[in-house]
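*Asks:* Input: one structure, supplied below.
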Number of protein chains: 2
Amino acid sequence: MECVIGIDLGGTAIKLAQFAQDGSLLNSLEVPTPQPATPKAVIKAIAEAVRQLDPQGRAIAIGIGTPGPVDASGRIARVAINLAGWENVPLADELEGRLKRPVVLANDANCAGLGEAWMGAGRRFRNFLLVTLGTGVGGAVILDGNLFVGPRGTGGELGLITLDPKGHPCNSGNDGSLEQHVSVQAIRRRTGLEPHELAANARSGDPEAIAFWTTYGQELGAGLASLIYVLTPEAIAIGGGISASADLFFPALMAELERRVLPSSREGLEILVAELGNQAGCVGAARLAWNRVRGADLSDRSADNAPTPAATLDTETIVPGDRWSD
Amino acid sequence: MECVIGIDLGGTAIKLAQFAQDGSLLNSLEVPTPQPATPKAVIKAIAEAVRQLDPQGRAIAIGIGTPGPVDASGRIARVAINLAGWENVPLADELEGRLKRPVVLANDANCAGLGEAWMGAGRRFRNFLLVTLGTGVGGAVILDGNLFVGPRGTGGELGLITLDPKGHPCNSGNDGSLEQHVSVQAIRRRTGLEPHELAANARSGDPEAIAFWTTYGQELGAGLASLIYVLTPEAIAIGGGISASADLFFPALMAELERRVLPSSREGLEILVAELGNQAGCVGAARLAWNRVRGADLSDRSADNAPTPAATLDTETIVPGDRWSD
């Protein structure tokens with residue numbers, strides 16, 4: 001059976017998984033990221049792991065999600081967060097030379113969005129956003145069935161949109177960005193607690209923690225309102241670790257969107273929880289590889305009756321999607 | 001010569017112009033909008049004006065920019081601001097029945113963006129935004145050479161993005177939207193003066209007026225930063241009446257973008273002043289008509305050597321574009 005390999009390159013682990021064109025997971029492998037994670041060491045580790053996962057060389061293409069911006073053609077990792085000395089690394093060329101198959105790169109958040117669009121929360125939609133609420137806030141934009149990366153390859157930096165121009169400093173320079181309000185780091189800074197502690201407190205009835213999640217949902221809603229007015233997606237999936245608390249902030253989030261967004265911009269909009277968890281990156285990287293060899297439109301995806309990898313990969317669906325009826 | 005008609009339907013006037021496929025203006029006509037501007041009266045007035053402009057029926061298609069959202073297929077004016085009793089008016093069908101030619105609709109701000117992309121400030125770019133600073137704030141998104149309207153037809157509501165969630169109430173529901181900071185109405189509300197008065201004061205050295213335009217540029221920059229992070233356009237053109245003061249707020253705007261937006265999201269980005277003034281709507285409506293009969297990609301536009309209608313239509317170029325060199 002024809003297959004591809006999707007790779008999620010992170011600061012501590014390199015995850016690989018082999019997928020058929022219908023999205024079936026064939027096998028997977030996780031190896032530690034070499035330390036220090038220099039380009040040379042990482043390239044060697046990826047090549048060895050690919051040979052270990054696929055000793056017969058069956059995979060016809062390889063997609064890789066990297067932790068930072070890549071160039072518009074998906075060849076060069078421009079920067080890689082938590083890796084050592086990465087600047088404009090020609091990762092695709094280097095690995096194609098070693099593995100003799102097409103290799104294509106994308107930003108890891110974009111890969112996660114592509115994964116959710118293919119096999120997860122976005123599979124029913126041609127216009128879809130993923131917003132990941134983790135240590136930072138990232139995202140991906142699917143427009144008319146294709147991953148949007150824009151002319152510089154860096155489109156869809158959804159966590160860096162402006163929320164309060166006079167807000168907390170942001171490394172990006174965009175002080176008061178959405179990320180400075182709703183990321184794990186922002187939660188720690190503002191409350192001194194971890195998101196899971198605030199969730200436990202809210203679930204045991206602590207009024208302060210309940211109020212925290214209400215404010216959290218409102219701030220997230222004020223940020224998503226911008227994205228909805230510009231992109232008018234059919235659905236937005238919320239991913240990342242904080243999505244485990246979706247039941248606590250979704251009511252305030254939905255009320256805020258209903259208040260802030262004109263019905264003409266949100267008719268039928270669904271707000272969902274992402275389905276593929278931390279496997280979304282591998283799934284999306286595999287889809288990236290299929291796109292490279294078979295064309296980029298997602299319209300061939302198998303929709304609701306697809307064999308969902310969620311059952312075999314380590315994921316969970318937390319709350320059902322909500323939907324406006326107007 | 002084959003030609004089309006572009007129509008800009010406004011609350012006080014209906015402007016029509018006939019264009020060849022290379023963008024040459026053939027002739028134009030302006031008639032008053034009937035009062036009250038009921039659907040029936042407006043449809044009759046448009047049909048009569050088309051027959052007056054083009055008595056021999058040479059135009060092979062007609063595009064119309066309407067003052068409000070249209071449906072995704074460009075057939076129905078869902079709402080029309082400053083017209084009487086417009087709700088889901090099947091304007092395209094009604095006029096096709098009378099004029100026996102294809103008719104297609106778009107929101108007037110989207111038409112203006114399409115016009116600038118075809119024959120104005122955006123003609124060198126495949127990824128381009130128009131932001132119009134007028135009584136309200138509108139805009140248009142050109143992605144990969146095509147007008148983006150999204151699955152509901154209402155995409156690219158650039159004036160309604162969030163700037164300060166706790167800011168001034170907005171009719172849209174999105175309190176503190178960009179429009180509530182940088183529109184003519186917002187300027188009046190905040191200063192008691194008209195934009196042209198503030199411009200005159202600043203040009204005669206009034207420190208308060210100079211400070212106003214600095215703050216104005218900073219707020220606009222904080223809003224545009226969101227759009228740049230999401231869409232990473234190659235260029236943004238600033239249109240609308242306030243763009244006449246671009247020289248007063250561009251320095252603060254550019255500094256704010258340089259501070260807030262990561263270089264990887266803005267390399268080569270150009271910030272320009274729109275070129276077609278209040279004729280952009282007619283030009284874009286004509287392009288919409290060409291798209292209807294010839295396909296939607298703008299890549300056939302004649303680029304820099306095109307006969308620019310700016311010379312014959314009532315427009316002006318105010319300041320040259322600025323550009324980052326990184």
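*Asks:* Return yes when B:Gly65 is closer than 21 Å to B:Arg152 by Cβ, crowded, with 16+ Cβ neighbours inside 10 Å and in contact with a Cys (Cβ under 6 Å, 6 or more places away or on another chain) and no when it is not. Break it down into steps so the answer makes sense when it comes.
*Replies:* Details: closer than 21 Å to B:Arg152 by Cβ: yes; crowded, with 16+ Cβ neighbours inside 10 Å: yes; in contact with a Cys (Cβ under 6 Å, 6 or more places away or on another chain): yes.
Answer is yes for this residue.
*Asks:* State the number of residues belonging to the range B:54-82 that are farther than 15 Å from B:Gly11 by Cβ, out of contact with any Ser or Thr (no Cβ under 6 Å at 6 or more places or on another chain) and assigned to a loop (DSSP other than H, G, I, E, B).
*Replies:* 11
*Asks:* Here is a follow-up. Restricting attention to the range B:258-268, report how many residues are buried (at least 24 other Cβ atoms within 10 Å of the Cβ) and either hydrophobic (A, V, I, L, M, F, W, C) or touching a Pro at 6+ places or on another chain (Cβ under 7 Å) (or both).
*Replies:* Of the residues in the range B:258-268, 1 are buried (at least 24 other Cβ atoms within 10 Å of the Cβ) and either hydrophobic (A, V, I, L, M, F, W, C) or touching a Pro at 6+ places or on another chain (Cβ under 7 Å) (or both).
*Asks:* Same structure again: Inside the range A:88-112, can you point out the residues that are within 14 Å of chain B (Cβ to nearest Cβ) and free of Cβ contacts under 8 Å to residues at least 40 places away in the same chain?
*Replies:* If the condition is that a residue be within 14 Å of chain B (Cβ to nearest Cβ) and free of Cβ contacts under 8 Å to residues at least 40 places away in the same chain, then A:Asn88 is the only one that fits.
*Asks:* Given the conditions (1) surrounded by fewer than 17 Cβ atoms within 10 Å (Cβ to Cβ); (2) touching a residue at least 24 places away in the same chain (Cβ under 8 Å); (3) over 18 Å from B:Gly10 (Cβ atoms), and given that B:Gly85 satisfies all but one, which numbered condition is not satisfied?
*Replies:* Failing condition for B:Gly85: (3).
*Asks:* Looking at the range A:195-220, which of its residues are within 21 Å of the chain's Cα centre (by Cα) and either modelled with pLDDT under 95 or more than 9 Å from chain B (Cβ to nearest Cβ) (or both)?
*Replies:* Listed by number, the residues that qualify are A:Pro195, A:His196, A:Tyr216, A:Gly217, A:Leu220.
*Asks:* Of the residues that make up the range A:137-159, is at least one out of contact with any strand residue (DSSP E or B) (no Cβ under 9 Å at 6 or more places or on another chain), away from chain B (no Cβ under 14 Å) and either within 18 Å of B:Leu262 (Cβ to Cβ) or at pLDDT 95 or above (or both)?
*Replies:* No, the conditions are met nowhere in the range A:137-159.
*Asks:* Right, something else. Which ones in the range B:132-184 are in contact with a helix residue (DSSP H, G or I) (Cβ under 6 Å, 6 or more places away or on another chain), among the small types (Gly, Ala, Ser) and surrounded by fewer than 24 Cβ atoms within 10 Å (Cβ to Cβ)?
*Replies:* B:Gly134, B:Gly136, B:Gly145, B:Gly167, B:Ser172, B:Gly173
*Asks:* A further question on this structure: Is it fair to say A:Ile242 is crowded, with 22+ Cβ neighbours inside 10 Å, within 20 Å of the chain's Cα centre (by Cα) and not in a helix (DSSP H, G or I)?
*Replies:* The answer is no for A:Ile242.
*Asks:* Now for a separate question. Suppose the filter is acidic (Asp, Glu) and either within 14 Å of chain A (Cβ to nearest Cβ) or out of contact with any strand residue (DSSP E or B) (no Cβ under 9 Å at 6 or more places or on another chain) (or both); does B:Glu275 pass it? Write out each step before concluding.
*Replies:* Working: acidic (Asp, Glu): yes; either within 14 Å of chain A (Cβ to nearest Cβ) or out of contact with any strand residue (DSSP E or B) (no Cβ under 9 Å at 6 or more places or on another chain) (or both): no.
So B:Glu275 fails the test.
*Asks:* When the range B:224-252 is examined, which residues are found to be touching a strand residue (DSSP E or B) at 6+ places or on another chain (Cβ under 8 Å), away from chain A (no Cβ under 13 Å), more than 16 Å from B:Gly159 (Cα to Cα) and of a type in the set (A, V, I, L, M)?
*Replies:* B:Ala246
*Asks:* Still on this structure, please answer the following. Find all pairs meeting these conditions: Cβ atoms under 9 angstrom apart; at least six residues apart or on different chains; first residue within the range B:237-253 and more than 18 Å from B:Gly122 (Cβ to Cβ) and in contact (Cβ under 8 Å) with a residue 40 or more places away in the chain; second residue part of a helix (DSSP H, G or I) and of a type in the set (Val, Ile, Thr).
*Replies:* B:Gly241/B:Val184; B:Ile242/B:Val182; B:Ile242/B:Val184; B:Ile242/B:Ile187; B:Leu248/B:Ile210; B:Leu248/B:Thr214
The values are calculated or read from the model by the stated rules, or taken from the named source; none is laboratory data. Keep in mind it's a predicted model, so treat the numbers as computed, not measured. Every residue, glycine among them, receives a Cβ derived from its backbone with ideal geometry; neighbour counts consider all protein chains shown.
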